[in-house]
Amino acid sequence: MSLETFATSKAFTLGVELELQIVGRHDYDLAPGAADLLRLTSRRKLAADVKPEITSSMIELSTGVCERHRDVITQLHEVRDALVHDAARLNLHLCGGGTHAFQDWSRRRIFDTPRFRQVSELYGYLSKQFTVFGQHVHIGCISPDQALWLLHAMSRFVPHVIALSASSPFVQGTDTGFQSARLNSVYAFPLSGRAPFTLTWQEFGVYFEKMRRTGVVESMKDFYWDIRPKPEFGTIEIRVMDTPLTVERAAAIAAYLQCVARWLVLERPFEPQEDDYLAYTYNRFQACRFGLDGVVVDPTTAEHRPLRELIAQTIKDVELHAIELRAETGLALLRDALVAPDGSDATWLRNAQAHEQYLPEVVRQQCLRFEGA
Amino acid sequence: MTDALWSLITAPWALEPDTLLVAAVLALAAALLGEVVWRTLRWPRMLGYVLVGTALALTGGGPSGHEPALRLAIDGALALLLFEAGVRLNLRWLVRNPWLLASSVAEAALAGIAVWIVLRSFAITPGVAAPLAIISTAVSPAVMLRVVGELRAAGQVTERLLALAALNTLYAVLAMKLFSAGLLLSDPGTWLDALSPVLFSFFGSILVGAALGEGLALIARRLDLRDENAMVLLLAAVLLALVVAKTLQLSALLVPLLAGIWLRNRSQRPWVWPRHFGSAGGVLVLVMFVAVGSAWRPEALEASIGVAAALVLARTVAKSLAVLTLARPSGLGIGQALCLGAALLPMSGTAWVLGLDFAARHPTSGAQMMPVLLAALALLELAAPLIVMACLRVAGEIDVQRKGKQP
């Protein structure tokens with residue numbers, strides 16, 4: 001399969017995908033309920049789409065194409081309320097969070113089809129420990145070249161959204177010390193990381209063809225990059241976020257990305273270059289490990305600055321675009337989170353565990369938080 | 001030499017100097033056989049225990065159920081299992097999904113009625129048919145928990161099996177109490193004598209159950225339940241409540257079940273602990289399955305097998321029908337409902353103890369009832385767990401329950 005043509009879409013339109021955890025109400029461990037939930041939800045008419053994932057204790061919801069933060073919120077609220085109601089009838093709960101706090105990966109079983117068995121054989125334990133839950137945001141681009149330009153310009157903001165969404169401090173029942181431990185699972189895969197530095201679709205096509213010839217990849221789906229072009233939708237897809245604990249935070253992060261994209265494309269505050277990636281993995285690590293308290297390096301000025309400060313600065317920088325896109329309420333939520341003592345979801349989870357000393361109870365509270373109860 | 005060994009194995013359960021030896025040999029055989037069926041066939045280990053019981057019954061060495069030491073072990077095991085069943089029963093689920101409550105009431109009531117009609121058609125007197133019908137409404141939470149636990153089943157069918165088994169056991173225990181009282185009540189002039197023990201037993205059981213639930217919550221809140229010492233504390237608390245229940249003539253089945261339900265529903269905080277309270281509880285459960293498996297006599301089985309088979313068939317058809325009819329509103333697929341209905345099959349320790357207690361209070365009708373009940377237990381003891389396992393497998397709730405994900 002060769003590279004698809006890039007379907008253009010309206011600039012700065014938004015699409016949000018959230019992978020959600022399905023947990024049982026008895027022990028609050030992951031529970032296989034996706035098929036049951038889908039059967040009930042299929043009886044409803046929803047603006048957002050609900051899809052199964054490969055693991056039966058995960059469900060993915062995705063909004064339609066949205067122009068405004070408000071549309072995202074409305075769609076997410078509607079689909080969340082419907083799913084929560086249906087889950088309750090099945091004695092299940094839904095929650096956000098990048099990882100399940102105490103699920104045991106050695107007990108995850110691989111779906112018994114040739115394709116998944118092949119994946120499992122190739123990746124070994126990686127495929128089992130990859131029971132993680134992320135948020136993906138699509139940003140519409142009017143042309144493939146604009147998409148690639150934006151993709152690389154966006155790379156500086158990858159640590160921002162990692163820190164803002166971080167909600168996976170616990171893995172397999174232990175505190176990892178990370179704000180987002182989920183990404184550690186992702187980075188173990190060979191085709192993860194950053195996209196190659198190409199700024200035109202033609203150049204990118206050459207790269208893709210070379211890769212395809214090696215037999216390592218067949219389609220765009222085989223790349224697990226932090227940001228990747230999605231020619232089918234005419235978007236770039238930012239994939240580094242943990243699923244936040246609330247849909248409000250998820251929508252706010254989408255709004256932040258939308259504003260940043262508009263600011264970058266219309267004002268061109270800098271030109272992306274290969275050297276942007278010098279400190280890329282270091283900065284990404286800082287965001288995963290320390291969240292908003294991480295200190296990142298500007299590759300051009302070599303200046304070290306706290307992420308909290310950089311995000312606050314960015315919110316100021318994009319202010320006019322936020323007004324234009326009517327995304328102020330979303331950004332206000334993030335601005336408040338920057339100064340709140342438990343401003344990140346990971347910190348909220350840690351505080352809950354410090355108080356309860358019991359991870360199943362933490363997961364229960366996590367469910368209530370997601371369900372807006 | 002062989003004779004001596006054989007008599008050792010077939011020696012009856014009785015408090016004699018060799019009881020411990022026999023119990024040890026039986027436990028050894030059960031544990032070994034359990035491991036063999038698990039490793040070779042992937043069957044739950046409890047089938048190994050039941051097989052040893054069956055062998056014992058075939059040689060005529062089964063217990064009568066009146067041996068004090070054995071009865072204590074069985075009550076202990078049932079207390080642990082019913083408590084666990086109670087802890088799995090989330091009453092809020094029934095509020096959020098009233099159709100589930102409706103299917104629970106429907107499957108229990110229909111099963112009782114169907115069994116009653118079938119038994120009456122076999123010309124069994126109402127005084128015998130009624131208690132049998134009531135006991136038949138209950139599905140063994142013990143077998144369910146054991147099969148589900150060993151196979152690590154998870155999903156809607158599993159959840160509902162556990163919930164329905166806990167509920168219909170609750171109905172059956174309460175109905176038996178009322179029925180017992182009703183029998184005495186029919187004798188005019190004694191209604192106060194008849195009713196007061198029932199009321200005392202009912203409210204007393206709730207009180208002791210709630211007290212136990214609160215006590216366990218207190219322990220669970222302060223200690224790590226994965227810790228062995230905390231487990232011993234919990235186990236001791238349940239057994240203590242059992243002794244209190246027995247001393248006060250309360251229901252030994254109701255108290256632990258209600259304690260579990262109380263604990264589950266008093267707050268939303270999740271409670272998770274190793275099944276059957278760790279290894280000590282595991283021994284009691286093993287003893288119970290061997291004993292229940294050996295409770296029947298081959299000669300009695302022959303006489304009552306026809307009526308027992310009819311009872312089992314009527315019961316399972318009724319339960320399946322109820323579950324199937326209410327599948328859609330309660331949020332279940334048709335395939336799942338078929339699996340659920342077919343799996344509502346096991347009768348085990350609870351039914352036996354209910355029967356024994358009834359027979360002790362009403363010896364005449366009890367003597368007519370027990371052979372049929374024991375025959376039904378004999379029919380189901382091996383088949384039911386296997387059918388439950390098959391249903392869970394068809395429903396896709398074993399093995400593939402938690403699937404890995406591609407990045």
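FYI, it's all coordinate maths here, none of it is from the lab. As the structure is a prediction and not an experimental result, all values here were calculated from the model. Using ideal geometry, Cβ is built from the backbone for each residue, glycine included, and neighbour counts are taken over all protein chains shown.
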* Say the cut-off is 29 Å between C-alpha atoms; which of A:51/B:319; A:10/A:45; B:246/B:319 go over it? -> A:51/B:319; B:246/B:319
* Run the numbers on chain B and let me know its relative contact order in percent, using alpha-carbon pairs under 8 Å that are six or more apart. => 27
* Taking the C-alpha atoms of chain B, how large are the radius of gyration and the largest Cα-Cα span, Dmax, in Å? -> 20.6, 76
* Which whole-number percent of Cα pairs in the protein assembly as shown have a distance greater than 52 Å? -> 26
* **Dimensions in Å of chain A - Rg and Dmax from alpha carbons** => 19.7, 56
* Asked: How large is ³J(HN,Hα), in whole Hz, for each residue of region B:170-178 in order, when computed from phi with the Karplus curve 6.51 cos²θ - 1.76 cosθ + 1.60 and θ = phi - 60°, using x for Gly and Pro?
  -> 4, 4, 5, 5, 5, 5, 5, 4, 5
* Set the Förster distance to 22 Å, then compute FRET efficiency between residue B:229 and residue A:357 from the Cβ-Cβ distance, nearest 0.05. => 0.80
* Structure fact -> Per region B:316-362, sqrt(5λ) over the Cα gyration tensor eigenvalues, sorted largest first, in Å, gives 31, 10, 8
* Evaluate the distance, in nm, between pseudo-label points positioned 7 Å from the Cα of residue B:199 and of residue B:390 along their respective Cα→Cβ axes. => 5.0
* Rank these for me by crowding, A:43, B:160, A:335, going from fewest to most other beta carbons within 10 Å. => A:43, A:335, B:160
* Pairwise label distance in nanometres, residue A:207 with residue B:27, each label 7 Å out on the Cα-Cβ vector -> 6.8
* Structure fact -> The alpha-carbon center of region B:17-60 and that of region A:180-222 are separated, in whole Å, by 58
* Asked: Whose amide H sits under 5 Å from the amide H of residue A:193, counting only residues 5 or more places off or on another chain, with H placed in the peptide plane?
  -> A:226
* Fully extended contour minus Cα-Cα distance, from residue B:211 to residue B:305, at 0.36 nm per residue -> 29.6 nm
* What number comes out for the charge environment of residue B:204, summing +1 per Lys or Arg and -1 per Asp or Glu over other residues with Cβ under 14 Å away? -> +2
* Structure fact -> Plugging the Cβ-Cβ distance of residue B:66 and residue B:42 into 1/(1 + (r/R0)^6) at R0 = 45 Å yields, to the nearest 0.05, a FRET efficiency of 0.75
* Can you put B:45, B:297, A:268 in order of Cβ neighbours within 10 angstrom, beginning with the fewest? => A:268, B:297, B:45
* Asked: How high is the relative contact order of region A:14-371, in percent, counting Cα pairs under 8 Å that sit 6 or more residues apart?
  -> 22
* Asked: Distance in nm between label sites at residue A:191 and residue A:219, each 7 Å beyond Cα in the beta-carbon direction?
  -> 1.1
* Among B:332-339, A:138-145, the order from most to least packed when residues are scored by Cβ within 10 Å on average -> A:138-145, B:332-339
* Asked: Given the C-alpha centroids of region A:304-346 and region B:230-250, what is the distance between them in whole angstrom?
  -> 57
* Asked: Say R0 is 25 Å: what FRET efficiency, to the nearest 0.05, do residue A:332 and residue A:42 get from their beta-carbon distance?
  -> 0.10
* For region B:93-109, just list the computed ³J(HN,Hα) in residue order, Karplus coefficients 6.51, -1.76 and 1.60, θ = phi - 60°, integers in Hz, with x standing in for Gly and Pro. => 4, 5, 6, 6, 10, x, 5, 5, 4, 4, 5, 5, 4, 5, 5, 5, 5
